[in-house]
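Scroll down for the structure; my scribbles are underneath it.
Only the coordinates and a few stated rules stand behind these numbers; no lab work does. Just so we're clear, the structure is a prediction, and the values are computed from it rather than from any experiment. With ideal geometry, Cβ positions are generated from the backbone for all residues, glycine too; neighbour counts draw on all protein chains shown.
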Amino acid sequence: MSPSEPRIPLPKSWPIHVRAAILHVIALAQFATAHTRSWAANSVNARIRLQAERDRAVQELALQREETRIKDARMASINPPRRPHYPPAERLAILELKAARGWSLEQTARVFHVTAPTVASWLGRLDEEGPDALVQMRTPVNRFPDFVRYLVQRLKTLCPTMGKVKIAQTLARAGLHLAATTVGRMLKEDAAPKPQPEKNAPSTGRVVTAKYPNHVWHIDLTAVPVGQGFWCSWLPFALPQRYPFCWWVGVVVDHFSRRVMGMGVFASRPNCQQFCAFLGRTIARTAKPKYIICDRDGIFDCRAFRRWVKRTGIKPPRYGKAGRHGSIAVVERLILSLKTECVRHIQVPLRRDKFLRELVCYQEWYNGERAHTTLGGRTPNEVYFHRRPANRRPRIEPRRKWPRGSPCAKPRTLVAGKPGDECTLRVDFQKGRHHLPVVTLKRAA
């Protein structure tokens, strides 16, 4: 630094604030990066848009590698003899990954914190049989053939967000009927904790029960962060809930069929006029409901919204009771599914049209392919359009000696073909989205 350049005086206690300053700098950098990328993602220049997407992907890859490095550092700090052993099924998964990656013994050992002779011993004992085999698939726990268990576990591997009930319903739609408890034993997983009920709100009068499609609609809003969250290191310790830090998503769902009628994307929290315009477009594209149920949000609990509802020819809006079965819980569950099954598995785009395409893709899969427990394993489109459920079709029976007249897992259907038929699992993906599986079963040749 030359003598003519100004010097910045530092406080005497500056060394003790260095760690806090690091967090502030990183948070500020993320704040500035979000603004810059939002401008680049909406640029008229295609090269700038591609560069923004590339930079975002590179940053995400770097963050994932840092997460892996931290976890590996924790494992490496443990004395090798005291490290936990891999179970037999995980050993087979490691060898499968070794084959897919083309790793040598040393590379595989280095990645998974074992020794090369250990990996070599796994390879040398692949053909062992019995419960004491070093490398094995999970031991069958019922009379179903081994390939059925493999199908269930493979489906869980490809679609990790699916629980045992969802897997059972999905396979039933494809022709293989298994009980949820059977799937649970095959997966050997603990049950998920039950969600805590919300606090009750004051009663708003008579309960409206949906009796047919378009009888009762639910509407709501939710914020979807563009990054991983809203936290920052300065007061009020939260980023502004507006673009480019998040999108606001409006959802409309039919209560009777659980069908998503429409989704809208807003750059900031919409006002009553903006949401009514979105709701009007949804009604023009689909149908008009008799009732609308919503929460006590300011854009719904206002004179302007009630006037719009009356002009449209809909009954006065009903305000749901939090925590009550069949009230606003229906739309809240849809929002939770949207975030866990779609948003969590993608990089939320900075361009509105791209994000809307992702939502439309999820909406099509949700309505046409996703089995619902409340609907008895049917999809919303099957209920809404009065179609024959796929899980009511003749099923595949893989057990050779199973009596043809004996009942199967619900819903009970007839057997197609002969008992003992083998089948293969085919998993396609909705428009190439790997978080939206479309499952089919085919009889093996």
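Once you have a ≥ b ≥ c as the square roots of the Cα gyration tensor eigenvalues for the stretch 360-445, tell me rounded if a/c is under 1.5, and otherwise prolate or oblate according to whether a/b is larger than b/c.
Oblate is the answer for the stretch 360-445, as a/c is 1.5 or above yet b/c matches or exceeds a/b.
Hey, how many Å between the Cα centroid of the stretch 39-107 and the Cα centroid of the stretch 287-305?
First find each Cα centre; the distance between them is then 46 Å.
How would Thr340, Thr379 line up from fewest to most surrounding beta-carbon atoms within 10 angstrom?
Thr340, Thr379
Return the whole-Å distance between the Cα centroid of the stretch 427-445 and the Cα centroid of the stretch 214-269.
29 Å
If neighbour count is taken as other Cβ atoms inside 10 Å, put Ile396, Ile346 in order from fewest to most.
Ranking Ile396, Ile346 by Cβ neighbours within 10 Å, fewest first, gives Ile346, Ile396.
Would you tally the net charge around Pro84, using a Cβ to Cβ cut-off of less than 15 Å, leaving Pro84 out, and scoring K and R as +1, D and E as -1?
+3
HN-Hα J couplings of the stretch 72-85 from phi, Karplus 6.51/-1.76/1.60, θ = phi - 60°, integer Hz, Gly and Pro as x?
Once rounded to whole Hz, the list reads 5, 4, 5, 5, 5, 6, 8, 4, x, x, 9, 6, x, 7.
For the stretch 353-426 and the stretch 161-184, compute the distance between their C-alpha centroids and round to whole Å.
9 Å
Does the stretch 18-76 come out rounded, prolate or oblate by the C-alpha gyration tensor, with a ≥ b ≥ c the root eigenvalues, rounded set by a/c under 1.5 and, if not, prolate when a/b is larger than b/c and oblate if not?
Judged from the Cα gyration tensor, the stretch 18-76 comes out oblate (a/c at least 1.5, b/c at or above a/b).
Provide the three semi-axes, in whole Å and in decreasing order, of the ellipsoid equivalent to the chain as defined by the square roots of 5 times the Cα gyration tensor eigenvalues.
Computed over the chain, the values are 41, 40, 19 Å.
Name the longest site-free stretch of the chain, where the excluded sites are GluC sites (Glu not before Pro) in a DSSP loop with no more than 16 other beta-carbon atoms within 10 Å.
Longest gap between qualifying sites, sites excluded: 199-421.
Taking amide hydrogens as modeled 1.01 Å from N in the peptide plane, which residues meet the under 5 Å criterion relative to Asp295, leaving out close sequence neighbours?
Result for Asp295 returns Gly320.
So what's the projected area for the stretch 216-368, the Cα convex hull averaged over all directions, in nm²?
The directionally averaged projection comes out at 9.5 nm².
Once amide H atoms are built 1.01 Å from N in the peptide plane, which residues 5 or more positions from Trp247, or in another chain, come under 5 Å H to H?
The answer is Val224, Val226.
Residue by residue through the stretch 422-431, which ³J(HN,Hα) values in whole Hz follow from phi under the Karplus form 6.51 cos²θ - 1.76 cosθ + 1.60 (θ = phi - 60°), with glycine and proline marked x?
Result, rounded to whole Hz: 8, 9, 10, 8, 10, 10, 9, 9, 4, 6.
Just order 236-243, 70-77, 275-282 by mean Cβ neighbour count inside 10 Å, highest at the front, would you?
Those peptides, ordered most packed to least, come out 275-282, 236-243, 70-77.
How large is ³J(HN,Hα) for each residue in the stretch 240-253, as worked out from phi by the Karplus curve 6.51 cos²θ - 1.76 cosθ + 1.60 (θ = phi - 60°), to whole Hz, x for Gly and Pro?
My calculation for the stretch 240-253 gives x, 8, 7, 5, x, 8, 7, 10, 9, 10, x, 10, 10, 9 Hz in order.
Please list, ordered by chain and number, the residues whose modelled amide H lies under 5 Å from the amide H of Asp421; skip anything fewer than 5 residues away on the same chain.
Glu397
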